[in-house]
Amino acid sequence: MNRGLLFVVSMVMGCLAPGVSGNGHLSFANNTEVHITRTGCGLIKLCVETPEQCDLTGKTSCLFASIVTTAPSSPNGVDLLVELLGDSSGYIALGLTANETEGTSMVFICAQNRNGSFFFRSAQRNNPNNTISLTQRIVKNITGSVNGTVIQCKFSVPAVNATTRTSHVTTFTTFLAVGNVTNSMGIGDINIRLTNKPLNLADPTSNVATTSVPTTSVPTTAVPTTAGSSALASQAVIVLLSVLMYRLS
């Protein structure tokens, strides 16, 4: 086989390889096992979900994501470790944006092809008009699985920053979404199911509701007066007045 033919065959095989398809910015982990739980939520990882406390086993519809920030990475950002689980016959997505009504959002998509195989895409959402387009954002250590309509995936995103400043700004508005796969590994319109308030991704407790402990006042009980005690008090007043009158006379 001549070199030209070998080159063509290599290119075709590269396009057929899972997760490649010209996506050199995506790298996949060797391990394909994915088992996502709530363990560590509010302690070591920030968790968002809809509906609240939904079933992660796939028995009911659920969208869930957890995020852990690692040490700051060069030149000005932090690495994110993300878990994403949801029920969809197309794709599930996690979005991060500094302003939900302006600019764009980073979107990370875990999906299933029409043959039930898993694939991953990085994308960008135009916030004002909700359109989505694929991007070349670097994502590493991608692992994913599909079981019916339940999609699970894990991945890491390096050098994430909410601003262009040199400080490591980790406060983002987050959203969870679903969508359809329109053709062979093509991404359809995005449908946002949950948008959270701006959250500090570096603080696992930033979306945990804090309830102030109510202060309980101790009721005071008036000591009842009896007829006898009233009579004694009256006699004491009479005696006191008699003494004063005697001294003045």
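Worth pointing out:
- Among the residues of region 189-203, those identified as open to solvent by 10 Å² or more (accessible area, probe 1.4 Å) and either over 21 Å from Gly86 (Cα atoms) or of a type outside the set (Lys, Arg) (or both) are Asp189, Asn191, Ile192, Leu194, Thr195, Asn196, Pro198, Asn200, Ala202, Asp203.
- Among residues of region 125-150 that are on the phi > 0 side of the Ramachandran plot, none has a beta-carbon under 7 Å from a residue that is outside any strand (DSSP E or B) and among the basic types (Lys, Arg) at least six positions away or on a different chain.
- Residue in region 145-164 that is modelled with pLDDT under 85, out of contact with any Ser or Thr (no Cβ under 6 Å at 6 or more places or on another chain) and open to solvent by 30 Å² or more (accessible area, probe 1.4 Å) present: yes
- Residue check, Thr70 in contact with a Cys (Cβ under 9 Å, 6 or more places away or on another chain) and open to solvent by 10 Å² or more (accessible area, probe 1.4 Å): no
- Conditions (1) at pLDDT below 95; (2) exposed (fewer than 15 other Cβ atoms within 10 Å of the Cβ): number failed by Glu100: (2)
- Matching residues in region 12-35 - criterion: being modelled with pLDDT under 50 and surrounded by 11 or more Cβ atoms within 10 Å (Cβ to Cβ): Gly14, Pro18, Gly19, Val20, Ser21
- Number of the condition not met by Arg38 [criteria: (1) farther than 27 Å from Asn115 by Cβ; (2) surrounded by 19 or more Cβ atoms within 10 Å (Cβ to Cβ)]: (2)
- Verdict on Arg125 being at pLDDT below 95 and either surrounded by 19 or more Cβ atoms within 10 Å (Cβ to Cβ) or over 20 Å from Ser66 (Cβ atoms) (or both): no
The values are calculated or read from the model by the stated rules, or taken from the named source; none is laboratory data. This one's a predicted model, so the numbers in the text were calculated from it and none came from an experiment. When we count neighbours, we look across all protein chains shown, and the Cβ atoms used for this are built from the backbone with ideal geometry, even at glycine. Accessible surface is based on the protein model in full, side chains and every heavy atom, while ligands, DNA and RNA are left aside. Shrake-Rupley method; radii C 1.70, N 1.55, O 1.52, S 1.80 Å.
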